[in-house]
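Beneath this line is the structure, given in structure tokens, with notes to follow.
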Amino acid sequence: MSARPAGGAPCRIVVCRDCCCGSRKVTGVDHAAQTERLRDAAPVRVSDCLDVCDQANVIVVQPSAEGRAAGARPVWLGLVNDPAATEDVVSWVREGGPGVAPRPEILDLYVFTPLARRRSNGK
């Protein structure tokens, strides 16, 4: 069941599922099961490619309306290749996600900034 904050739109999740984040590069991951498990927490959009193939499997957690109002930005998570990491994402999103609930420290291991964003920020 998806968590929906009282203040409007819930968190949303984007998963990359093309060649690298699909099954060719990252083997041994049940990609369909991971996507379905994430759908238990929030609406999920499947993207063909997010252009960060070196971080496969990529999940982007977009803040809820409440989180955006608090100044939160989307959180990019890479190398999410095991069920425990997926469960950490699900738990965080159910608690409110970016801007609403503190990110579990374990997820800090997966956070990255996409190159395009680093370039646009002058980094």
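The values are calculated or read from the model by the stated rules, or taken from the named source; none is laboratory data. In this text the structure is predicted, and so the values were computed from the model without any measurement. All Cβ positions, glycine included, derive from the backbone under ideal geometry; neighbour counts span all protein chains shown. For accessibility, only protein heavy atoms count, side chains too; no ligands or nucleic acids. Shrake-Rupley method; radii C 1.70, N 1.55, O 1.52, S 1.80 Å.
In whole percent, how big is the carbon plus sulfur part of the accessible area of segment 1-105, probe 1.4 Å, protein atoms only?
50
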Practice prompt. Positive end of the charge dipole of the chain (Lys, Arg +1 and Asp, Glu -1 on Cβ, about the Cα centre): tell me which of GLN62, CYS21, SER91 has its Cα farthest that way.
Written response: GLN62
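So with the 1.4 Å probe, I'd like the accessible area per residue for the chain, rounded to whole Å².
Values: 6640 Å² over 123 residues.
For the chain, the solvent-accessible area averages 54 Å² per residue.
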Worksheet item: Heavy-atom accessible area of ARG39 with all protein chains present, probe 1.4 Å, nearest 10 Å²?
Response: 90
Worksheet item: Just the accessible area for VAL26, please: 1.4 Å probe, Å², rounded to the nearest 10?
Response: 20
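What does DSSP give for the chain in terms of the percent of beta bridges that are antiparallel, rounded to the nearest 5? Numbers along the way, then the final one.
On the way: 8 of 12 bridges.
The antiparallel fraction comes to roughly 65 percent.
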Worksheet, complete the sentence: Expected unfolding gain across GLU95-LEU109 under the 0.36 nm per residue rule, minus the alpha-carbon gap, is 3.1 nm
